[in-house]
Amino acid sequence: MTTLHPTVERAQALIDFERHDQARDLLARHLAEVPDDLSAWIKIGYCHLNTGQTELARDAASQALKLAPADYGAFILRAQSLTRGAGSSWREAEPVLREAVRADPGHWFGYAMLADAVCRMSLIRHAQANNLKELPRDGLDAVLCEATNLAAKALQLGPEEVYAHEVAIQIASFALDAEAVDRFDRALLRIDPTHAEALARQTRKAARAPGVKAAEAADLYASGLAAAPDSTDLQRGLDQATYRMLRGVRWLALLCVGLAGAMLDLFAVEGKLQRELPLQLGQRLWYLVPMTVIWLVGALLRYRRRRAGVRLNVQSLIRRHRWSRIVLGQAAWAMLCALIISQVPWTARTLPQVLFWAGLAPTFATIWFDRPRTR
């Protein structure tokens with residue numbers, strides 16, 4: 001095992017605390033005195049890399065490779081500096097990574113990064129060779145065969161490493177191997193339960209399963225967000241599920257309008273005698289009982305059973321999303337029409353019929369129009 005110079009050890013401690021600028025200055029002074037310290041060149045290269053100075057990181061990697069032309073760490077630094085920042089090039093990084101794997105065939109990271117590079121470059125070469133403007137939806141298994149094998153080797157050497165699983169998922173996604181993506185996602189979440197992308201995919205899969213209702217999907221997305229609160233995919237899914245819940249409110253309002261129309265026998269049916277108008281006060285008040293039950297069971301209780309995150313998102317979405325406010329406005333308008341139809345002592349059915357269609361038609365007209373917004 002190589003013994004580090006005390007200055008390099010202090011710099012490493014600073015790097016561990018992400019104090020890269022201080023570590024870089026310390027290493028720069030050390031290299032001015034000891035310019036042939038391989039470890040110092042590699043570590044200052046990572047300091048440059050982590051502060052966005054990729055050109056200086058490449059220079060540091062070149063200096064390290066001059067001192068040790070077959071050093072694994074120097075190859076990896078060189079490859080990482082080539083794939084970040086302005087002028088990044090996975091094409092140039094690929095041969096460097098092949099050298100890294102040859103230098104240390106027992107390290108998982110070299111295989112994982114090489115699999116990443118080979119995947120990207122194989123797809124580019126395939127598209128260029130076949131003059132494709134976009135990649136086909138299938139038939140990429142053979143193109144990605146080498147990348148798949150390299151990713152498998154990385155997982156064999158580093159079964160608990162997040163990046164190895166991420167690369168394997170990327171390759172399986174390009175190959176349209178949904179089963180493999182699902183398997184790698186579950187393995188990745190066992191290692192890192194808060195991994196945002198894997199969590200979003202697994203949550204989306206569960207939420208879109210047959211038979212899962214909007215309220216259940218909202219609970220699933222809220223649970224995912226509790227583990228990965230910065231995930232935009234999970235937030236988008238929660239917003240869509242919440243909007244689907246709000247859309248359901250209109251059906252409750254339409255049902256109330258329908259019951260009000262039925263109570264007044266607004267439309268004559270052959271062979272059936274219509275009720276005499278005006279209805280008695282007791283009959284009109286009785287209508288409020290089924291209407292209350294509809295809203296209590298259909299909206300209030302279902303809303304209160306949801307996770308706190310879902311309830312908060314309902315309020316947030318109403319403030320943020322114009323169509324959510326339109327949906328609630330339509331439900332309120334339909335309920336207003338239903339109440340006027342049912343509670344006013346009408347002596348004729350003409351005006352209630354107008355109110356019936358006024359409450360029903362505008363809502364029905366938009367229910368299908370805004371359906372794509374739930375996807």
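Just so it is clear, none of the values below were taken in a lab; they were calculated from the coordinates. Everything numeric here is computed off the predicted structure, so don't read it as measured data. Counting neighbours? That spans all protein chains shown, and the Cβs are built from the backbone with ideal geometry, glycine included.
Some observations on this one:
- Semi-axes of the equivalent ellipsoid for segment 81-220, Cα gyration tensor, largest first, Å: 29, 20, 13
- Here the average projected area of the convex hull drawn through the C-alpha atoms of segment 165-233 stands at 4.7 nm².
- Mean ellipticity per residue at 222 nm, deg cm²/dmol - from DSSP H runs of n ≥ 4 across the chain, formula -39500 (n - 2.57): -23000 deg cm²/dmol
- Of all the options M263, M335, M245, the one that moves most in a Gaussian network model of the chain with Cα springs shorter than 10 angstrom is M263.
- The GNM of the chain, with springs linking C-alpha atoms under 10 angstrom apart, assigns the highest mean-square fluctuation among A308, A361, A32 to A32.
- Spatially proximal lysines relative to K205 (Cα-Cα < 26 Å; intrachain offsets below 8 disregarded): K213
- Pairwise Cα inverse-distance average, inverted: Kirkwood Rh of segment 124-188 (Å): 12.5
- Percent RCO, i.e. relative contact order, over the chain, from Cα pairs under 8 Å lying at least 6 residues apart: 9
- Label point 7 Å beyond Cα of L328 along Cβ direction - residues of segment 292-308 with amide nitrogen under 18 Å: 295-296, 298-308
- Only Cα sites of segment 240-365 enter the Debye sum here, all with the same form factor; the resulting log10 I(q)/I(0) across q = 0.11, 0.12, 0.21 1/Å is -0.44, -0.51, -1.15, listed in q order.
- The string of couplings for segment 154-171 from the Karplus curve (6.51, -1.76, 1.60, θ = phi - 60°) is 4, 5, 5, 7, x, x, 10, 9, 5, 4, 4, 5, 4, 5, 4, 5, 4, 5 Hz, one whole number per residue in order, with x for Gly and Pro.
- Under 18 Å from K66, Cα to Cα: lysines that are on another chain or at least 8 residues apart: K43
- Dimensions (Å) - segment 293-342, Cα atoms, principal axes, largest first: 37, 26, 8
- Compactness index (Cα Rg / 2.2 N^0.38 Å), segment 266-327: 1.80
- Angle between the chain longest axis and helix 6-16 axis [Cα atoms, degrees, rounded to 10]: 10
- Rounded to whole Å, sorted largest first: equivalent-ellipsoid semi-axes of the chain, Cα gyration tensor: 66, 23, 17
- Relative contact order (%) - segment 119-187, alpha-carbon pairs under 8 angstrom, separation at least six: 28
- Cα centre as origin, Lys/Arg/Asp/Glu Cβ charges: the chain dipole, Debye: 2380
- Value of Rg to Rh for segment 301-375 (Rh from inverse mean 1/r over Cα pairs, i.e. Kirkwood): 1.10
- Under the simplified labelling scheme, the S316-F267 pair shows an inter-label distance of 4.3 nm, with each label point 7 Å from Cα along Cα→Cβ.
- For segment 175-235, applying the loop criterion from DSSP together with a ceiling of 14 other beta carbons within 10 Å to the trypsin sites (Lys or Arg not before Pro) yields R208, K213.
- Loop GluC sites (Glu not before Pro), segment 1-91 (other Cβ atoms within 10 Å of the site Cβ: 16 or fewer; DSSP): E18
- Top of F267, F109, F364 by mean-square fluctuation, Gaussian network on the chain, Cα under 10 Å: F267
- Ellipsoid fit via the Cα gyration tensor, segment 1-91: semi-axes of 20, 16, 11 Å, each the root of five times an eigenvalue, largest first.
- Note on segment 33-120: with charges restricted to the Cβ of Lys and Arg (+1) and Asp and Glu (-1), its dipole about the Cα centre is near 300 debye.
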